[in-house]
1. Mind checking whether some residue in the stretch 43-50 is among the hydroxyl-bearing types (Ser, Thr, Tyr) and either buried (at least 18 other Cβ atoms within 10 Å of the Cβ) or under 21 Å from the mean Cα position of the chain (by Cα) (or both)?
2. Is it the case that the stretch 320-331 has a residue that's in contact with an Asp or Glu (Cβ under 9 Å, 6 or more places away or on another chain), crowded, with 19+ Cβ neighbours inside 10 Å, at pLDDT below 95 and hydroxyl-bearing (Ser, Thr, Tyr)?
3. Condition test on Thr234, is it modelled with pLDDT of 90 or more, of a type outside the set (Phe, Trp, Tyr), surrounded by fewer than 20 Cβ atoms within 10 Å (Cβ to Cβ) and touching a Phe, Trp or Tyr at 6+ places or on another chain (Cβ under 9 Å)?
4. Which residues, counting only those in the stretch 179-216, are in contact with a Phe, Trp or Tyr (Cβ under 6 Å, 6 or more places away or on another chain), outside any helix (DSSP H, G or I) and at pLDDT 95 or above?
5. Please enumerate the residues belonging to the stretch 12-38 that are outside any loop (DSSP other than H, G, I, E, B) and touching a Phe, Trp or Tyr at 6+ places or on another chain (Cβ under 9 Å).
6. Answer with yes or no whether Thr385 is over 25 Å from Arg273 (Cβ atoms), of a type in the set (Ser, Thr, Tyr) and assigned to a helix (DSSP H, G or I).
7. Does the stretch 139-149 hold any residues that are part of a loop (DSSP other than H, G, I, E, B) and surrounded by 14 or more Cβ atoms within 10 Å (Cβ to Cβ), and which are they?
8. More than 25 Å from Thr385 (Cβ to Cβ) and modelled with pLDDT under 95: which single residue out of Asp294, Asp264 fits that description?
Amino acid sequence: MLKEQTRADLLAKYDVPAPRYTSYPTVPYWSENPTSEQWIAALRQTFIDNSQTAWSLYIHIPFCEALCTFCGCNTFITQNHDNERSYTKAIHKEWETYLAQVPEFKTAPIRQIHLGGGTPTFFSGENLKRLLRPIMDVVNIDPAHFEGSIEVGPRVTNREHLEALRELGFQRISMGVQDFNPEVQHLINRIQPYEMTRDLTLLAREVGFESVNYDLIYGLPAQTLESFRKTAETTVKLLPDRIALYSFAFVPWIKKAHRLFTEDDLPKGADKRALYEIAREIFLEAGYKELGLDHFALPDDNLYQAYEQGELHRNFMGYTDMRTDILLGLGVSSISEAPTCFHQNEKHINEYKKQALVGEIPTLRGHLLDEEDQHHREQILQFMTQQKVQLADETQAEDVRQYLAELLNDGLVTIEGTHMAMTERGRPFLRNAAMALDMRLRRNKPDTRVFSQSV
C-alpha cells in the first residue's frame with residue numbers, strides 16, 4: 001500500500017469527475033438518437049446475423065414506498081399498490097409490441113432476466129408471478145444456462161416473495177444494505193436493522209437461492225472509519241456470496257434528494273477512499289476476491305469464476321458473469337442495448353404507460369454506434385472488467401501515453417508496446433485511466449458537471 005501522504009496526494013490529484021463506464025458512449029454523449037424503427041431494425045439485424053444470438057431481459061419496477069435520500073435511480077414514490085396491476089398491463093403490452101416486430105425473442109436463447117428498481121418487491125409475490133409468467137412462458141429458457149436475479153429491499157420482502165421467485169426459477173437476489181450503522185441509516189432515510197437483513201439472508205438460503213449479493217455504499221453522511229469497519233465486519237459474518245461496494249455518486253444537479261446534503265456533510269478524497277480500503281481489507285481477509293471496479297465475490301461464485309476466465313461483463317446492470325449481444329429493457333426509463341444501438345424508454349411513468357398501452361415502442365432517446373464507437377466500446381469494456389486492454393496499434397498507444405503521462409509517471413498504469421494495464425497501486429484510478437479510451441469525452445469535454453467524482 002502507498003504511504004499515507006503519497007496516497008492522499010494521489011487521491012486529491014485524481015479525484016475528478018469521471019464516467020463509471022457501464023456503457024460507451026456514456027449517456028451524456030449519446031448524440032445519434034435512433035427512431036423506434038431504427039432501434040427495431042438494430043435488433044432484427046442482430047438476430048439475422050445469428051438467429052441463436054443469446055439475449056438478456058431487464059425489467060424496471062420504479063415503485064418505492066419511501067425515498068432513500070442517497071438514491072440515484074429512477075423511482076416513483078407511492079404507497080398505492082394498485083399501481084402493480086396497471087404497470088403490469090403496460091409491461092405486457094410493451095412486450096407484445098416487441099414480439100410482433102421481433103419474433104426472434106421467442107426462439108433465441110434467453111440467458112438472464114433481472115428485475116431492478118425502485119423496489120421490485122414493492123409488488124406482491126403473486127403479482128411478480130403475474131408479471132413474469134406471460135413472458136417466461138413464451139421464451140426459450142434452458143435451465144442449465146439461465147440466471148434469474150432481482151434487487152430486493154429487506155424492509156418489504158418476505159417469504160411469499162422469495163418462494164414465488166424460486167418457483168419462477170430465480171436463483172440470485174441482491175439486497176440493498178448500504179450501511180448497518182443506525183445513524184447513517186437515519187440520515188439516508190433507510191431504517192433497516194441488522195436483524196432484518198440477517199433474517200432475509202437466512203430465508204433466501206432456506207428457500208434455495210444460490211447467490212446472495214449485498215450492496216454497500218461508502219461516502220455517505222456520518223460514515224467514519226470505525227463505523228464502516230463495523231459495517232464491513234458485520235457483512236462478512238453474514239457471508240453474502242457477492243458484495244458490491246459502491247462509491248456514493250453525489251449528483252445534486254440531477255437528483256433533488258441529494259440537495260439535502262452538502263459536500264461538507266460527506267467524506268471525500270482520501271477520507272472517502274479510506275472507507276473503501278478498510279472494508280476491502282476486511283473482505284480480502286475473509287476470503288473474498290476483488291474484481292472490477294468495486295465488486296467482491298467468494299471464490300466459488302460465478303462472478304469470480306467469470307473474472308478468472310476473462311468472461312466478466314459490464315453493462316447497465318453492472319458487472320455480470322455472462323455476456324449477451326442483446327439486452328432488452330422493459331418498463332419506464334429502461335435502457336436496452338444491441339451491438340449497434342442503445343435505446344432508452346420514456347422516463348416519466350404516465351407517458352411511458354400512455355405509449356406502451358397503444359402499442360408504441362416508448363422511445364425517449366438512444367444512440368446509434370458508428371464503427372469508432374463500437375471499437376472503443378470493446379476496449380473500454382475489456383479495460384473495466386480486466387484492468388488491462390490491447391490497444392489498436394502504436395499510434396493509439398502513443399496517444400494514450402501522452403494522455404496518461406501523469407498516471408504513468410505516478411506508477412498507476414503501464415503501457416508496454418500496445419498493452420495497457422492498471423498497476424495494483426492504480427486500482428482506485430481505473431475510471432481516470434479509462435478516459436484515455438473515451439474519444440467522445442476527450443473531443444468535447446463537458447462545460448458543466450455531468451459525472452460524479454472518480455474516487
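The values are calculated or read from the model by the stated rules, or taken from the named source; none is laboratory data. Since we're looking at a predicted model, the values are computed, not measured. A quick note on method: Cβ atoms are made from the backbone with ideal geometry, for glycine too, and the neighbour counts reach across all protein chains shown.
1. Quick first cut of the stretch 43-50, residues among the hydroxyl-bearing types (Ser, Thr, Tyr) only: 46.
When the remaining residues are screened for being either buried (at least 18 other Cβ atoms within 10 Å of the Cβ) or under 21 Å from the mean Cα position of the chain (by Cα) (or both), the result is 46.
Checked against the condition, which is being among the hydroxyl-bearing types (Ser, Thr, Tyr) and either buried (at least 18 other Cβ atoms within 10 Å of the Cβ) or under 21 Å from the mean Cα position of the chain (by Cα) (or both), the stretch 43-50 yields at least one hit.
2. Yes - at least one qualifying residue is present in the stretch 320-331.
3. Working: modelled with pLDDT of 90 or more: yes; of a type outside the set (Phe, Trp, Tyr): yes; surrounded by fewer than 20 Cβ atoms within 10 Å (Cβ to Cβ): yes; touching a Phe, Trp or Tyr at 6+ places or on another chain (Cβ under 9 Å): yes.
Answer is yes for this residue.
4. Phe180
5. Within the stretch 12-38, Tyr14, Pro17, Val27, Pro28 meet the criteria.
6. For Thr385, the condition - over 25 Å from Arg273 (Cβ atoms), of a type in the set (Ser, Thr, Tyr) and assigned to a helix (DSSP H, G or I) - is not met.
7. Correct list: Val139, Phe146.
8. Criteria check complete, one pass: Asp264.
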